[in-house]
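Okay, structure first, notes after.
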């Protein structure tokens, strides 16, 4: 990015009527268009300032607490990196080392970890109907704690993946699309295929496909969602995409054919997930601690998966996309045929062709999270960033 | 707190003859009255400066090592927050990831983790006769390491709960009492009921009740300790409270009646703990890794507990306190009847009435720990804080 | 160290033709003599500045990622301390909390943890033929990521112990020798005995003895490697020591007699390790997850060890060293007879005599790691340190 272009972006940001101060980032579709654009612009600006050795340490101290209720590499390091970049200290709430149960004590824990905390990142994606709800319980407890004078400040929550959405992923993906296609307005009329793909594993969250169709349908894209019969998503998220298609002048189609989705696509996002109703059953079995039931569900589910091994993103399918060169996207790690598994989501040759592109896609995540923090915590974020760009305090001295 | 009142507190602090520089904080009753008052004042001043966006980053670098030999949420986050506030980096010594045994190698480990370390916080509350002793072994190893030129500085130790005392808790409680009653001198003549309460769990440490009677008896309070027959505390801590009552003109009584303790109390602190002699047996069984013995002890202990389910803090008991509105205190989490357990320490209605007050009580802990660090590491702590209050470097910029 | 001597060291450093900028530190014998000398000097200078309350926070933000594939106390805290000293935030990659497998995905993980990362420290010492190789795979992935624009900067790798070398240990040991003997040039002609010693444990890495003979043979020392028949080291590392002896005018001898090695030694380093060929078998069994085989190998190995219980460093052996007062060294923790085990590497009286000296030896490690980071990341490291020494920004204010 040139110096000119960062100035232009700062100007564009200063004109947007976004409203993110003191607001949590829980679902992209709760955010206005200006909010989404501001987040992308801010991520790009922060990335540029970082690359220009400008320090973004807006804090002298303060905690950024993360609570990962599921495994994570990319998001964990992105959250830690973003926090550290801004001068906050990432601290992981390891629920195993504390004595936290679901339910009644959520509001207590929320306050106990927040006395000097600015932001709380939460990943809770295993239980359908619960992850996002949990975040809102935390939010409500923080509201009360701040209102009642327990907390000096009310930390903002960043959704690091829930049962419904994965906004730090989809927003990083959007930044990637913006850079690849040369602008958000260039996405209009482009076809995006969000498709299921075969994987030898089971129980992968629905939040990525749901997040992608919910966000990309806002830019006038022709979004095609494809999955084998039975692998449907959470119905509410389908409605979000349908409504967006109407509102923003794109289209949204659901099909049971990977071929149909890939045909003339400009962007393909083939990725495995578990069927919504399986996830619902799984949630019940997990609560009941029914190990035999879980084992049985897994077996049935893998058997079912095995009927769709042909849902693989390979050269043949790629050749049917727009000019045979759709952009391949993935949230990583991908199940690569012959590499990380015998048969997987994508063939080795297709993945290798786009491997570095997927790394580049992932590289936006720390900056997206930093943008979410800055916009939620600083009323005059645009002015502050412009000021940093002028003053240019050094990130690395010497 | 107004600007005036922080100035007054800084002045008060500057006049106190406290002696905490380069001293560990292991037991409140090893500290002079001036030390205790200085710690409370410093915690209040730091809290005020924090709330006024004044940076307290006195360090550019340095480690604050914690060693939690038992689970923790509140204290873990309070220690990390305090360290970060002062510019230190909290690092947890996870003994499972190192190869640390009890005994001979304590002095080695103490030095190995301390080359660039300013403070070490230790929680070791499971073994009667050992937790506090362990802290002193670490202290002695640090003395030697510093004396012999191994360590550039001798880190100070903060007791984050041991078998005897829980000073960061009791000092936070004291700050709370000071604010609720309008001054430490206002505590004189107030009745505090530190009572056992029923809980369906077993093996809770004795350090909170011991810490409370050992500290609050220094302010001329009428301290009433109540527990069912057999649930006595460590004899030495009883003596501390008795001596304090004589010295400071309050009183200290032990009773087997919760009703008697609550009667006309200004403050009630109902909390479960295991009997001292059970903890002694448990320590032996833990050392012997006698799982059957432990199981048996637990069963007998829970059976015994079950005979005292009527030791619950409820509306009826609360109505017997001073004007029916004693201050309810708890170190959290509380066992709440019908909420976190079927029958517990406190009824849901009583707890709900004081829930936010208990959060407020807990909110002092990070500032108390920060005060302990500042007073132990800076000879001219009072002057430094006054200077910060004048210069007002920003904690959050932008 | 006096102010004069730090100025002299800064001058000496500025004249050295070292070439460490943007280079990993994987094996000492890949480094030039100037590199080794620059690292020792820089460690000494940083140590002095640290002790003089000069802040070395060259970074406002940035991550220092560690990946410990084996347990660690000393190195873990040294790495965290060094990172924090320079203004970086240590973050541990806990592979158990992510989903990382060996092999194919190394290059992906390497990039995913590196978007805002300056240095990666790796310990991987359990598998013969793999630890150092793994580091080079990470290095190559980082090269690609940086070259292809995925990474803003290419983090440097510090070897925190592998199957071949343990450079942060051997370099700390070298700093210790330099201070004890009054200069690196004073090491010429001194006899160093690197000997095996009995331990009731099994499977200790070879990297320490290999690292010691590979490094100390560069200073004209007479290096004597002694071990019972069968306990040979990795053949390539023996060649390194042999070649060094020729090149630098010292000597390198292998013997099966501890007595011979100790005779007239100026320095002794008695330490247990597993035979190279046992480690090779163990690697295969670990890969095959052959628990019975591992159990059997351990039993046979311990039986074999037991034949060499007389390989203990005791008063009698020490009395045969130069003037009966060779410097005893150990990487810690040592297996001390009658203290940490029944029969071990060293008698209690010998160890106690040198205990604080071994702590002092260990105390160089954080500064050695800081030196490795500074030299690999700052082209004008010598100038930057000289500048800090002039400006003297405060590490602790107040």
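Looking for whichever is surrounded by fewer than 19 Cβ atoms within 10 Å (Cβ to Cβ) and in contact (Cβ under 8 Å) with a residue 24 or more places away in the chain here; the options are A:323, A:305, A:314. Which one fits?
A:314
Return the residue satisfying two criteria in turn: it lies in region B:44-84 and is over 30 Å from residue B:127 (Cβ atoms) and in a strand (DSSP E or B), and of such residues it is farthest from the other protein chains (Cβ to nearest Cβ).
The residue in question is B:54.
Collect the residues in region B:8-25 that are within 22 Å of residue B:123 (Cα to Cα) and surrounded by 20 or more Cβ atoms within 10 Å (Cβ to Cβ), keeping them in residue-number order.
Those that are within 22 Å of residue B:123 (Cα to Cα) and surrounded by 20 or more Cβ atoms within 10 Å (Cβ to Cβ): B:20, B:24, B:25.
Examine region B:225-234 for a residue that is surrounded by 21 or more Cβ atoms within 10 Å (Cβ to Cβ) and assigned to a strand (DSSP E or B), and state whether such a residue exists.
Yes - at least one qualifying residue is present in region B:225-234.
Which one of these is touching a residue at least 40 places away in the same chain (Cβ under 8 Å), in a loop (DSSP other than H, G, I, E, B) and under 24 Å from residue C:219 (Cα atoms): C:261, C:265?
C:265
Check region C:166-186 and report whether any residue there is outside the structural domain of residue C:23 (by TED's automatic domain parsing), touching a helix residue (DSSP H, G or I) at 6+ places or on another chain (Cβ under 8 Å), in a strand (DSSP E or B) and in contact (Cβ under 8 Å) with a residue 60 or more places away in the chain.
The answer is no, given that none of the residues of region C:166-186 is outside the structural domain of residue C:23 (by TED's automatic domain parsing), touching a helix residue (DSSP H, G or I) at 6+ places or on another chain (Cβ under 8 Å), in a strand (DSSP E or B) and in contact (Cβ under 8 Å) with a residue 60 or more places away in the chain.
Quick one: residue B:20 ticks every box in (1) within 23 Å of residue B:132 (Cβ to Cβ); (2) within 12 Å of another protein chain (Cβ to nearest Cβ); (3) at pLDDT 95 or above except a single one, so which number is it?
Looking at each condition in turn, residue B:20 falls short on (2).
Can you confirm whether region B:349-358 contains a residue that is within 28 Å of residue B:65 (Cα to Cα) and at pLDDT 95 or above?
Yes, because at least one residue in region B:349-358 is within 28 Å of residue B:65 (Cα to Cα) and at pLDDT 95 or above.
Within the bounds of region C:137-151, is there any residue that is crowded, with 18+ Cβ neighbours inside 10 Å and within 20 Å of the chain's Cα centre (by Cα)?
Yes: one or more hits.
Take the conditions away from chain A (no Cβ under 13 Å) and more than 26 Å from residue B:6 (Cα to Cα) and apply them to residue B:41. Does it pass?
no
Counting only residues that are part of a loop (DSSP other than H, G, I, E, B) and in contact with a strand residue (DSSP E or B) (Cβ under 6 Å, 6 or more places away or on another chain), how many does region A:104-153 have?
Selection size over region A:104-153: 3.
What do you reckon, is residue A:157 touching a strand residue (DSSP E or B) at 6+ places or on another chain (Cβ under 9 Å) and either in contact (Cβ under 8 Å) with a residue 12 or more places away in the chain or within 9 Å of chain B (Cβ to nearest Cβ) (or both)?
Yes; evaluated as a whole, the condition is true for this residue.
If the requirement is being crowded, with 24+ Cβ neighbours inside 10 Å and either at pLDDT 95 or above or outside the structural domain of residue B:263 (by TED's automatic domain parsing) (or both), which of these qualifies: B:195, B:237?
Among B:195, B:237, only B:195 is crowded, with 24+ Cβ neighbours inside 10 Å and either at pLDDT 95 or above or outside the structural domain of residue B:263 (by TED's automatic domain parsing) (or both).
Just to verify a result, which residue in region A:337-366, among those that are closer than 24 Å to residue A:308 by Cβ and buried (at least 24 other Cβ atoms within 10 Å of the Cβ), is nearest to the other protein chains (Cβ to nearest Cβ)?
A:344
Is one or more of the residues making up region B:32-39 out of contact with any helix residue (DSSP H, G or I) (no Cβ under 6 Å at 6 or more places or on another chain) and at pLDDT below 95?
No; the residues of region B:32-39 include none that is out of contact with any helix residue (DSSP H, G or I) (no Cβ under 6 Å at 6 or more places or on another chain) and at pLDDT below 95.
Condition test on residue A:379, is it within 14 Å of chain C (Cβ to nearest Cβ) and at pLDDT 95 or above?
Considered against the rule, which asks whether it is within 14 Å of chain C (Cβ to nearest Cβ) and at pLDDT 95 or above, residue A:379 comes out as no.
Need the failing condition index for residue B:90 against (1) at pLDDT 90 or above; (2) more than 9 Å from chain C (Cβ to nearest Cβ); (3) assigned to a loop (DSSP other than H, G, I, E, B), just the number.
Against the list (1) at pLDDT 90 or above; (2) more than 9 Å from chain C (Cβ to nearest Cβ); (3) assigned to a loop (DSSP other than H, G, I, E, B), residue B:90 comes up short only on (3).
Being more than 22 Å from residue A:362 (Cα to Cα), within 14 Å of chain B (Cβ to nearest Cβ), modelled with pLDDT under 95 and buried (at least 22 other Cβ atoms within 10 Å of the Cβ) narrows it down to one residue among A:105, A:109, A:117; which is it?
Selected residue: A:109, the only one of A:105, A:109, A:117 that is more than 22 Å from residue A:362 (Cα to Cα), within 14 Å of chain B (Cβ to nearest Cβ), modelled with pLDDT under 95 and buried (at least 22 other Cβ atoms within 10 Å of the Cβ).
The values are calculated or read from the model by the stated rules, or taken from the named source; none is laboratory data. Predicted model, so just to flag it, every value in this text is computed and none were measured. FYI the Cβ positions are ideal-geometry reconstructions off the backbone, even for glycines, and counts take in every protein chain you see.
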